[in-house]
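Below is one structure, written out as structure tokens; the observations come after it.
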Ligand code: URA
Ligand code: URA
């Protein structure tokens, strides 16, 4: 993994991204992880820190991981694209990766997956579903059901940024988080991990001190 990381960190395959990036955001976590999360691409905070999912969406993902009984250190977290997509002229905001950027970057992710060989992959959002499974459909149509990549079970679920955006619609926010949590309960069952009655009830409604509190 170290050799692949070193190659990725100096990758020049997308000259426009080489120019705009602060650094390459390769991935983080355990090489022995049985659970691996795949997101879309680094955002501004990830580009600054060099670590995936450390901004607002990352904080939500971290809480989900902890609610599952794992930590950021015991899972592996990576992205389809290792560089932050450039947004020339824009002062804020992100853009989704382009198909040719995804294709160019994909060998790095496939190597990460082959080295780790997790027991379960979680695809976070539409870009990860497209990149891992080649499916361009709605999240509603693919989430919550098992798919496969090279013999590894893949669970597609909503992207944490989407969950943050749907928080604005108060009720929808909880129903989308709850659906995501139900997908994660399926992951835990597949991994034969303990699921308590309390865990089954998470993300139903705000509870002070709970994972959404
Ligand atoms: N969103 C992603 O898809 N990946 C990150 O690393 C951060 C935000
Ligand atoms: N569409 C996406 O691409 N991702 C989500 O998480 C939800 C809708």
Residue within region 144-156 that is on the phi > 0 side of the Ramachandran plot and either in contact with a helix residue (DSSP H, G or I) (Cβ under 9 Å, 6 or more places away or on another chain) or within 16 Å of ligand 1 (Cβ to nearest atom) (or both) present: yes
Checklist (1) closer than 22 Å to residue 156 by Cβ; (2) surrounded by 15 or more Cβ atoms within 10 Å (Cβ to Cβ) applied to residue 84, failing item: (1)
Residue in region 107-119 that is near ligand 1 (Cβ under 10 Å from one of its atoms), surrounded by fewer than 21 Cβ atoms within 10 Å (Cβ to Cβ) and at pLDDT 95 or above present: no
Top-ranked residue in region 87-106 [being more than 20 Å from residue 165 (Cβ to Cβ) and surrounded by fewer than 16 Cβ atoms within 10 Å (Cβ to Cβ); ranked as nearest to the chain's Cα centre (by Cα)]: 106
Enumeration of residues in region 120-161 that are at pLDDT below 95 and surrounded by 23 or more Cβ atoms within 10 Å (Cβ to Cβ): none
Selection count where residues are more than 12 Å from ligand 1 (Cβ to nearest atom) and in contact with a strand residue (DSSP E or B) (Cβ under 7 Å, 6 or more places away or on another chain), scope region 73-94: 3
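Matching residues to (1) more than 16 Å from residue 113 (Cα to Cα); (2) free of Cβ contacts under 8 Å to residues at least 12 places away in the same chain:
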{"position": "2", "(1), (2)": "no, yes"}
{"position": "12", "(1), (2)": "yes, yes"}
{"position": "22", "(1), (2)": "yes, no"}
{"position": "29", "(1), (2)": "no, no"}
{"position": "32", "(1), (2)": "no, no"}
{"position": "42", "(1), (2)": "yes, no"}
{"position": "47", "(1), (2)": "yes, no"}
{"position": "54", "(1), (2)": "yes, yes"}
Residues of region 115-143 satisfying the condition of being within 15 Å of ligand 2 (Cβ to nearest atom), in contact (Cβ under 8 Å) with a residue 12 or more places away in the chain and part of a helix (DSSP H, G or I): 125, 126, 127, 128, 129, 130, 131, 132, 133, 139, 142
Within region 34-56, considering residues that are more than 9 Å from ligand 1 (Cβ to nearest atom) and assigned to a loop (DSSP other than H, G, I, E, B), the one nearest to residue 153 (Cα to Cα): 34
Residues of region 88-114 classified as assigned to a loop (DSSP other than H, G, I, E, B), without any contact (Cβ under 8 Å) to a residue 60 or more places away in the chain and at negative phi, total: 8
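The values are calculated or read from the model by the stated rules, or taken from the named source; none is laboratory data. The structure displayed is predicted, hence computed values, not measured ones. Please note: Cβ atoms are built from the backbone with ideal geometry, for glycine as well, and neighbour counts cover all protein chains shown.
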